Amino acid sequence: MKKNFTVIFIFTFLISISINTNVFAYDKPSINAEAGILMDLNTGQILYEKNINEKLAPASTTKILTALITLEECKLDERVVVGPKPPFEDGSKIYLIEGEEITVKDLLYATMLESANDAALALAEYISGSSEKFAKLMNERAAEIGCNSSNFINPNGLYDVNHYTTAYDLALIGKVALENSTFREIVNTEYYEIKPTNKQIETRYIYNINKLVRGTKYNYEGADGVKTGYTTKSKNTIVASAARENQKLIAVQLRSEKDLYEDSIKLLDYGFNSYKAEKLVDSSSVHSTIKIKGTNKGISVFPKNDFYISTPVDGNPNYFSSIVFNKTFSEIYKGEELGFIEITLENGKVYKIPLIAGEDYKSFFYNLKYKSPEVYKHSLKPIFKYILVGIIPFLYIRKRVIRALRKTRKKHIINNKLNKRQLYEEQSYFYNKK
């Protein structure tokens, strides 16, 4: 009896551990930072939030926006001549020299890996002429991205009471930046060398200070960016990203006084363990077929790209989707966008995935005109309509002219006959009188 009781107790204890472990895996983490967010990079879904709209100093995570603008405005091989101000910029630097010629690419790696304030300022001056003018460009670009609670004063994040952002805005900036393949390559690089320049005879060795992507104890599986920051007033800040298979996450923390990397790992673990990437749209499969009324012809339509959303690991995706096609086509070429899939998530966010043709369609006389969902009918091309519109009056006028000519000719013939008859009668009268 005692033995059976022991077995039952052990079995119950193991079940209890299993249940508690599962609960722990789904519990939202607690972080030390004053503000933080975990976002799905595919959709922008918010998986975790803490004071996400609180305005705080971003420190060097500012450089994410600086790098994004640089990549949009410049080519990597463009050469920058360093002005008099960058060498005297405060904080971390690679010790640029006035008059030094250095490529945009080298400055970007220095900015994002070594967090060089002088490199960020050199880029800002090269693009806009001054830090102040570049800050205006930063605020314009941030507004385009959707940042409603940010204001940038400088390109590197040196503390200023009027230089601020929010965890949500910074996640949006990071999301857009990570859509740029060159940016992704830069922030996922552990080590880079800047070759000697016209002013510096030594090679500069640049190391990524983001410990999540380096071979440290904080190295995280799938980590691929992005940027850390620190000033005495801003405290620690970080934008961390990681990808596993089709799941891509970004975690932001602002004003953290301890456990910055541990909490980043907590957030990313929470995302990967509690959510799964659910594929809603598959670009390799026919999504629908455009049918042409009155024919056996059908045009296969494919999504332009895959689309994933984050769904709880033990749940199913909750969404609504519909298809919107263009109203009229003349000629269709394989790969041409014909419409889009509109997906609405339960939080109200709407996403549009382009639909492209899987084959060509051409007709000399007809366009395709929308009749009902996925059904089109032949519609005579406008030029032929104009021709018909022109031909009908022409034929009508031609008919009237021909009829008038015939009538005139007939009248002329009759008159000729009458004239001949009258002439004959007059001649007969003359001869009879003789």
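The values are calculated or read from the model by the stated rules, or taken from the named source; none is laboratory data. This structure is a prediction, so every number in the text was calculated from the model and none was measured. Glycine gets a Cβ as well: all are built from the backbone with ideal geometry, and neighbour counts include every protein chain shown.
One table, with the values for the structure above:
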quantity	calculated
Of the criteria (1) more than 16 Å from N154 (Cβ to Cβ); (2) free of Cβ contacts under 8 Å to residues at least 60 places away in the same chain; (3) assigned to a helix (DSSP H, G or I), which one L71 fails	(2)
Residues satisfying the stated conditions in the stretch 327-352, i.e. touching a Gly at 6+ places or on another chain (Cβ under 8 Å) and more than 19 Å from S284 (Cβ to Cβ)	K349
Test: residue in the stretch 29-51 that is of a type in the set (D, E, K, R) and at pLDDT below 90	no
Residue in the stretch 110-122 that is in a loop (DSSP other than H, G, I, E, B) and at positive phi present	yes
Selection within the stretch 231-242 - closer than 15 Å to D263 by Cβ and over 21 Å from the mean Cα position of the chain (by Cα)	K235, N236, T237, I238
When residues of the stretch 54-91 are limited to those that are closer than 28 Å to I145 by Cα and among the small types (G, A, S), the one surrounded by the fewest Cβ atoms within 10 Å (Cβ to Cβ)	A57
Residue match in the stretch 327-335 (condition: β-branched (V, I, T), surrounded by fewer than 18 Cβ atoms within 10 Å (Cβ to Cβ) and more than 16 Å from I46 (Cα to Cα))	yes
Of all residues in the stretch 311-326 being touching a Gly at 6+ places or on another chain (Cβ under 7 Å) and of a type outside the set (S, T, N, Q), the one that is surrounded by the fewest Cβ atoms within 10 Å (Cβ to Cβ)	V324
Hits in the stretch 170-185 (condition: in contact with a helix residue (DSSP H, G or I) (Cβ under 7 Å, 6 or more places away or on another chain) and under 16 Å from N53 (Cβ atoms))	L170, L172, I173
Residues (of a type in the set (S, T, Y) and within 18 Å of L113 (Cβ to Cβ)) located in the stretch 48-102	S60, T61, T62, T66, T70, S92, Y95
Filter pass, L355 being touching a Lys or Arg at 6+ places or on another chain (Cβ under 8 Å), at pLDDT 85 or above and surrounded by 14 or more Cβ atoms within 10 Å (Cβ to Cβ)	yes
Scan of the stretch 74-109 for residues that are part of a strand (DSSP E or B) and out of contact with any helix residue (DSSP H, G or I) (no Cβ under 7 Å at 6 or more places or on another chain), ordered by number	R79, V81, E101, I102, T103
Selection count, the stretch 264-313, where residues are acidic (D, E) and out of contact with any Asp or Glu (no Cβ under 7 Å at 6 or more places or on another chain)	2
Lone qualifier among L260, L254, L267 - being farther than 23 Å from E221 by Cβ, in the same structural domain as G36 (by TED's automatic domain parsing) and modelled with pLDDT of 90 or more	L254
From F325, F302, residue being modelled with pLDDT of 90 or more, within 30 Å of N246 (Cβ to Cβ) and not hydroxyl-bearing (S, T, Y)	F302
Which listed residue, of N246, N198, N236, is modelled with pLDDT of 95 or more and either crowded, with 19+ Cβ neighbours inside 10 Å or closer than 30 Å to T166 by Cβ (or both)	N236
Search result, residues across the stretch 299-331 that are free of Cβ contacts under 8 Å to residues at least 24 places away in the same chain and in contact with a helix residue (DSSP H, G or I) (Cβ under 9 Å, 6 or more places away or on another chain)	D314
Residues located in the stretch 279-298, provided they are among the charged types (D, E, K, R) and either modelled with pLDDT under 90 or crowded, with 19+ Cβ neighbours inside 10 Å (or both)	K291, K293, K297
Evaluation of K304 against (1) farther than 26 Å from P354 by Cβ; (2) under 23 Å from the mean Cα position of the chain (by Cα) (one fails), failing number	(1)
